[in-house]
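Remarks on the structure that follows.
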Amino acid sequence: SWLYKESGNDSRRTFRPEKKVLTYEEQQAEKEKNSINDANLYNEAIKNKNTETCASITDTTEKTRCLDMIGATLALDGLDREKCSTLSSSGMINLCQDNIAYRTASEKNDKSLCASISLENIRNNCLEEREQVLLQSLTASGTVSLEKCGTFETSTWKEKCQSLVVVKDDSA
């Protein structure tokens with residue numbers, strides 16, 4: 001519908017759309033439609049790693065989450081810790097940097113890189129994976145020793161390593 005209104009003291013007349021008042025049910029239906037649209041935009045943005053698609057999301061929380069996910073993914077793809085600094089919170093920045101350290105430690109098979117991981121559960125997983133690979137390597141090469149087992153930091157893999165050490169009995 002349209003509303004007719006005279007403007008001010010002069011005799012000009014203007015027409016403008018009248019705002020329709022939505023019922024509660026219509027408001028809920030509109031929210032649901034926007035939510036579905038935002039979810040579709042989010043999924044498309046993540047799939048294509050496209051921040052411009054994130055900008056079309058109406059819900060500000062979801063828009064920020066979308067931008068963070070793409071930023072973190074691009075940082076991880078390039079193993080670029082500096083790209084993590086563009087994320088929305090210190091928690092997201094730390095998680096991004098931890099994931100890069102984790103992947104770098106895996107690719108270089110270097111458990112010392114796990115020490116730079118701030119989140120304990122990620123750091124422990126990193127150490128456990130690296131020590132599992134190390135024990136497999138020591139076992140395959142036949143070089144398992146108490147000295148090498150002593151370098152293990154996780155109790156699980158240290159115990160498994162020590163259980164593989166052959167102790168010579170010189171008494172015979």
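Out of all the residues in the stretch 139-156, which are open to solvent by less than 40 Å² (accessible area, probe 1.4 Å) and either of a type in the set (S, T, N, Q) or in contact (Cβ under 8 Å) with a residue 24 or more places away in the chain (or both)? Within the stretch 139-156, Ser145, Thr154 qualify. Checking each residue in the stretch 118-138 for being under 13 Å from Glu153 (Cβ atoms) and either open to solvent by less than 50 Å² (accessible area, probe 1.4 Å) or among the β-branched types (Val, Ile, Thr) (or both) picks out Cys126, Leu127, Arg130, Glu131, Leu135. Quick check: is even one residue across the stretch 128-138 of a type outside the set (A, V, I, L, M, F, W, C) and over 27 Å from Cys96 (Cα atoms)? Yes - at least one qualifying residue is present in the stretch 128-138. Scanning the stretch 21-32 for residues that are part of a helix (DSSP H, G or I) and either more than 27 Å from the chain's Cα centre (by Cα) or surrounded by 11 or more Cβ atoms within 10 Å (Cβ to Cβ) (or both) yields Tyr24, Glu25, Glu26, Gln27, Gln28, Ala29, Glu30, Lys31.
The set of residues in the stretch 63-90 being of a type in the set (Asp, Glu) and surrounded by fewer than 18 Cβ atoms within 10 Å (Cβ to Cβ) consists of Asp77, Asp80, Glu82. Just one of the listed residues (Ile93, Ile100, Ile122) is without any contact (Cβ under 8 Å) to a residue 12 or more places away in the chain, assigned to a helix (DSSP H, G or I) and of a type in the set (Val, Ile, Thr), and it is Ile93. Test Ile93 against the stated conditions and say whether it is in contact with an Asp or Glu (Cβ under 6 Å, 6 or more places away or on another chain) and either of a type in the set (Val, Ile, Thr) or crowded, with 19+ Cβ neighbours inside 10 Å (or both). For Ile93, the condition - in contact with an Asp or Glu (Cβ under 6 Å, 6 or more places away or on another chain) and either of a type in the set (Val, Ile, Thr) or crowded, with 19+ Cβ neighbours inside 10 Å (or both) - is not met. Within the set Ile46, Ile36, the sole residue that is open to solvent by 80 Å² or more (accessible area, probe 1.4 Å), in a helix (DSSP H, G or I) and either farther than 19 Å from Leu95 by Cβ or in contact (Cβ under 8 Å) with a residue 24 or more places away in the chain (or both) turns out to be Ile36. Number of residues in the stretch 49-59 that are within 11 Å of Met69 (Cβ to Cβ) and outside any helix (DSSP H, G or I) equals 1.
The values are calculated or read from the model by the stated rules, or taken from the named source; none is laboratory data. Nothing here was measured: the structure is a model prediction, and the numbers come from that model. All Cβ positions, even for glycine, are placed from backbone atoms using ideal geometry, and neighbour counts span all protein chains on display. We work out accessible area using only protein heavy atoms, side chains counted, and drop any ligands, DNA or RNA first. Shrake-Rupley method; radii C 1.70, N 1.55, O 1.52, S 1.80 Å.
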